[in-house]
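To keep things clear, I will list the structure first and then write my remarks on it.
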2 protein chains.
Amino acid sequence: MLWPLLLTVQVALSAPATHLVTNLPGVPSYSFQIYSGYLPIPNSNGRELHYVFITSQNKPASDPVVLWLNGGPGCSSMEGAFMENGPFVFSETNNTMFTNPYSWNRIANMLYFESPAGVGYSVMGSIINNSTNDTQTASDNLIALQYWYTLFPEYKQNSFYISGESYAGVYIPYLASYILYYNAKNPTTAIPIKGILVGNPVTDWTVDADSAWPAFLYWHQLIDDSIYFPWVNLNCSLLWPSDPACEPLGDSMYDLFTGVNYYDIYRECIPEQPMSNHKRRWMTENLQGISNCVPNNALTLYLNNPKVRNALHINTTLGAWSECADLDYYTDMRGSIFLYPSLISTPNFLINIYSGDTDSCVATEGTRTWINNLGMTTNVTWSEWYLDQQVAGMYTRYGTNFRFNTIRGAGHMCIQWMPAQGFMMFQYFLQAADLPSTP
Amino acid sequence: MLWPLLLTVQVALSAPATHLVTNLPGVPSYSFQIYSGYLPIPNSNGRELHYVFITSQNKPASDPVVLWLNGGPGCSSMEGAFMENGPFVFSETNNTMFTNPYSWNRIANMLYFESPAGVGYSVMGSIINNSTNDTQTASDNLIALQYWYTLFPEYKQNSFYISGESYAGVYIPYLASYILYYNAKNPTTAIPIKGILVGNPVTDWTVDADSAWPAFLYWHQLIDDSIYFPWVNLNCSLLWPSDPACEPLGDSMYDLFTGVNYYDIYRECIPEQPMSNHKRRWMTENLQGISNCVPNNALTLYLNNPKVRNALHINTTLGAWSECADLDYYTDMRGSIFLYPSLISTPNFLINIYSGDTDSCVATEGTRTWINNLGMTTNVTWSEWYLDQQVAGMYTRYGTNFRFNTIRGAGHMCIQWMPAQGFMMFQYFLQAADLPSTP
């Protein structure tokens, strides 16, 4: 049902020269290339993914291609490009754009997809496409990627990696699995995927949400014994039906720390709305709970600037860009954990999971739990890793190819908030090297 | 045995004018008074406590007198005076002295004791005094305080409070208990004590160290499952003999995060020694474990300056000042928890416990546990408190007079690192007011 689509990829009708970004407003002069354009999904009632591609500052011809995906589901990877690991990023506090000394394109060709279709400046096409899910997203991403290679065939020999954060913890293992499956069937046109790098990832809802989230709140002093112990003793669940007494406990948990930055509990909350309107939503999609403590006003303003839209070759029929789309997204409640055994057993396939350890959204504890549950052999024991004489986090390696590291004192958007640590991790990941355990 | 000493307080032989500090080097001009001098302990083989007294910037005649004590045991309260809540404090990072906008003497007359005798510039007297303990310290502190009132009788009507942090969690309830006991016996010469304010306090070793410390490390990602779960399952103890298999687990815990600032795990480590020599000590006095990530070089240099010594009227026969003295201190392993039921039942006696929640030394979790174990009635439920539109921490009140609050993202030296939050808490404490639960 899905796979036949993979073989219908069209040859690109336009040369990437028409996608070259030549006059991006507000950015300093630069010596690499930026491309922006559309990747159509055939037979999809009009879906097209918008991509941005930024060539490496180092050796574009041989440096890897790294796809970055933001989460949501439904949030735009322009966040990654213009707030996190791109060459020019916006400051959260004063809205200015600055050159990012830790841009990942210092050592890699960076590719950003606005995915699924309907997110950001990607084209949803027919309204029926508003309803989507994990497998549809993976399929579209693969098709878009194949189309992208037809635009940029010169990168077909470079190593390819997928990176991202949050709900991309689902997107990425799915896309990687689809690519590996495709490669096995089509060795001559294989995509040269080498690994994945995934931060604060949604992976296994039963440990990411149930258990990890209430435990995180409790052990970081956001809720007290009067909520936590009954919750544990009643074996309450955030996701599945449980004792009716759980509901008020759950409400209390959500209500309790409305003023705390949900994505980094020790970070300032910079509300987009007055603090009095600032409430997290109690909802079934609980890990999507939005604390509006992380402003993106500057990014939104910028991307909606007609000159920017024009420079990025944005489809003129589209409406305004917004950070996250209100898709009718069907989440497979198995998360992505069921895909890992196969990924782990893929020879030479590099997996690096990382976790900012002060994030309450996808708390490190849940990530540790699902990794432990995989039952791998520890080959580098839990240890400090260092950057600039300071402990950047903890690091461990299982087998040869599965790495896990924390970024100490960082929240959900690690790369945005700890860019130096994030860049170092990225660098070591691409080298398949252990993070340094001494200062 | 102890109490007769309390009645032998001498009338001060010298007027406080001779204790007035008139030419303290390096400080800007100021409009309050600073006194520094000695408070002799009679019949003690020569013990004398050094004190610093800084009058209020507000209404010294009616503002409360607040004693501040640092911990250790054996560390000097000059840390409090010149690094934490005094009017002029040293920067950790660039060693300069600056005016502290959050000095507690903005609203209180601040008194600092270097206690026990032998600490800092206090006089130990005979070497036999090197060996001391909690009751001796409490007795000396009370006698010193009574002597201080003979020097400053004009403050006898002002409210009196005791504040401090860390091992002062033992000193303070002891001294308060001794004062209340003395007051009951001597109503006409009662010391006008109104309450205590104690931060990251050593209170109940069984919960502060055992249980809270390993749990804190685990839930803040400093140790992993391979250490923590065996530790819990074997019911290991840091303090008491336990399964021999616990020892290597304990060693691993101590060894694992040598580079992390033990007093605030998300704070930079500014080592006094090269990081390669930087190891925590594995020892029985485990909560004293010194991570040298918090420099006090500037303070040490300053207090050893002959002009500063002279200005502070320091005993010329004494050697160099150092942050902590190597006393032979006998710790009552009951901590101070056994003193709380009596303090709590004292009418109108205000108790405010606070805890910087990123401190691994005396972790908030242990403090919450001993407070819960006291079985008080909760009258203000666990809730956020605010400063400048930001969540400053969590707050709860038991009965009328027992307050507990966290300071969010602050370590062991809350007042030094979160001075605005610390000052606000101090202000509300003196007013016996609940911390504000809305922005």
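The values are calculated or read from the model by the stated rules, or taken from the named source; none is laboratory data. Since the structure is predicted, the reported quantities are computational estimates derived from the model, not experimental observations. Positions of Cβ are backbone-derived with ideal geometry, glycine not excepted, and every protein chain shown enters the neighbour counts. Just the protein is used for accessible areas: all its heavy atoms, side chains included, with ligands, DNA and RNA removed. Shrake-Rupley method; radii C 1.70, N 1.55, O 1.52, S 1.80 Å.
The set of residues from the stretch A:228-245 being outside any loop (DSSP other than H, G, I, E, B) and under 31 Å from the mean Cα position of the chain (by Cα) comprises A:Tyr228, A:Trp231, A:Val232. For B:Gly72, state whether it is at pLDDT below 95 and closer than 30 Å to B:Met333 by Cα. So B:Gly72 fits the description; yes.
Restricting A:Ala212, A:Ala245 to those that are touching a Gly at 6+ places or on another chain (Cβ under 7 Å) and either farther than 27 Å from B:Tyr398 by Cα or open to solvent by 20 Å² or more (accessible area, probe 1.4 Å) (or both) reduces the list to A:Ala212. Of the helices (runs of 4 or more DSSP H) lying entirely inside the stretch A:112-227, the ones with 3 or more residues being within 14 Å of another protein chain (Cβ to nearest Cβ) and at pLDDT 95 or above are found at A:212-219.
Is at least one residue of the stretch A:334-345 among the basic types (Lys, Arg) and within 14 Å of another protein chain (Cβ to nearest Cβ)? No, the conditions are met nowhere in the stretch A:334-345. Checking B:Thr438, B:Thr396 one by one, the residue that is over 14 Å from B:Thr358 (Cβ atoms), within 10 Å of chain A (Cβ to nearest Cβ), free of Cβ contacts under 8 Å to residues at least 60 places away in the same chain and not in a strand (DSSP E or B) is B:Thr438 and no other.
I'm trying to understand the selection: among the residues of the stretch B:163-201, which are small (Gly, Ala, Ser) and farther than 21 Å from B:Gly335 by Cα? Scanning the stretch B:163-201 gives B:Ala184, B:Ala190.
In the stretch B:318-328, what residues are touching a Gly at 6+ places or on another chain (Cβ under 6 Å) and assigned to a strand (DSSP E or B)? Selection gives B:Cys324 alone. Candidates B:Ser291, B:Ser276: the one that is modelled with pLDDT under 95, closer than 20 Å to B:Asp208 by Cβ and within 14 Å of another protein chain (Cβ to nearest Cβ) is B:Ser291.
The set of residues in the stretch B:341-365 being over 17 Å from the mean Cα position of the chain (by Cα), in a helix (DSSP H, G or I) and touching a residue at least 40 places away in the same chain (Cβ under 8 Å) consists of B:Ser342, B:Leu343, B:Ile344, B:Glu365. Could you list, in sequence order, the residues of the stretch B:366-393 that are of a type in the set (Ser, Thr, Tyr), more than 8 Å from chain A (Cβ to nearest Cβ) and either over 23 Å from the mean Cα position of the chain (by Cα) or in a loop (DSSP other than H, G, I, E, B) (or both)? B:Thr377, the sole residue that qualifies.
Okay, residues lined up against (1) farther than 30 Å from A:Ser159 by Cβ; (2) among the polar types (S, T, N, Q):
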| site | (1), (2) |
| --- | --- |
| A:Asn186 | no, yes |
| A:Gly195 | no, no |
| A:Ala209 | yes, no |
| A:Glu247 | yes, no |
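Can you find even one residue in the stretch B:129-137 that is surrounded by fewer than 21 Cβ atoms within 10 Å (Cβ to Cβ) and touching a Lys or Arg at 6+ places or on another chain (Cβ under 6 Å)? No - not one qualifying residue is present in the stretch B:129-137. Consider only pairs whose beta carbons are under 8 Å apart and that are at least six residues apart or on different chains; among these, list those whose first residue lies in the stretch A:165-179 and is over 18 Å from A:Asp359 (Cα atoms) and whose second residue is open to solvent by 10 Å² or more (accessible area, probe 1.4 Å) and part of a helix (DSSP H, G or I). Partner pairs satisfying both residue conditions: A:Pro173/A:Leu339; A:Tyr174/A:Thr135; A:Tyr174/A:Leu339; A:Ala176/A:Leu339; A:Ser177/A:Leu339; A:Ser177/A:Ser342. Just wondering, is there one or more residues in the stretch B:421-433 that are closer than 22 Å to B:Val202 by Cβ and within 14 Å of another protein chain (Cβ to nearest Cβ)? Yes: the stretch B:421-433 contains one or more residues that are closer than 22 Å to B:Val202 by Cβ and within 14 Å of another protein chain (Cβ to nearest Cβ). Look at A:Asn315 and say whether it is in contact with a Lys or Arg (Cβ under 8 Å, 6 or more places away or on another chain), away from chain B (no Cβ under 14 Å) and not in a helix (DSSP H, G or I). So A:Asn315 does not fit the description; no. Just one of the listed residues (B:Pro42, B:Pro28, B:Pro73) is touching a residue at least 60 places away in the same chain (Cβ under 8 Å) and within 21 Å of the chain's Cα centre (by Cα), and it is B:Pro73.
If you go through the stretch A:81-102 one residue at a time, do you hit one that is farther than 15 Å from A:Leu197 by Cβ, open to solvent by 20 Å² or more (accessible area, probe 1.4 Å), in contact (Cβ under 8 Å) with a residue 24 or more places away in the chain and part of a helix (DSSP H, G or I)? There is no residue in the stretch A:81-102 that is farther than 15 Å from A:Leu197 by Cβ, open to solvent by 20 Å² or more (accessible area, probe 1.4 Å), in contact (Cβ under 8 Å) with a residue 24 or more places away in the chain and part of a helix (DSSP H, G or I).
The number of residues in the stretch B:250-273 being part of a helix (DSSP H, G or I) and surrounded by 22 or more Cβ atoms within 10 Å (Cβ to Cβ) comes to 1.
Filtering the stretch A:398-415 to residues that are open to solvent by less than 40 Å² (accessible area, probe 1.4 Å), more than 21 Å from A:Asp264 (Cα to Cα) and under 22 Å from the mean Cα position of the chain (by Cα) leaves A:Phe402, A:Arg403.
Does A:Asn158 count as of a type outside the set (Ser, Thr, Tyr) and open to solvent by less than 20 Å² (accessible area, probe 1.4 Å)?
Yes.
Looking across the stretch A:241-257 at every residue that is closer than 18 Å to A:Cys361 by Cα and of a type outside the set (A, V, I, L, M), the one that is modelled with the highest pLDDT is identified as A:Gly250. May I ask you to list the residues in the stretch A:235-267 that are at the interface with chain B (Cβ under 10 Å from one of its Cβ atoms) and of a type in the set (A, V, I, L, M)? Within the stretch A:235-267, A:Leu256, A:Val260, A:Ile265 qualify. Scanning the stretch A:315-332 for residues that are among the aliphatic types (A, V, I, L, M) and exposed (fewer than 11 other Cβ atoms within 10 Å of the Cβ) gives a single hit, A:Ala320.
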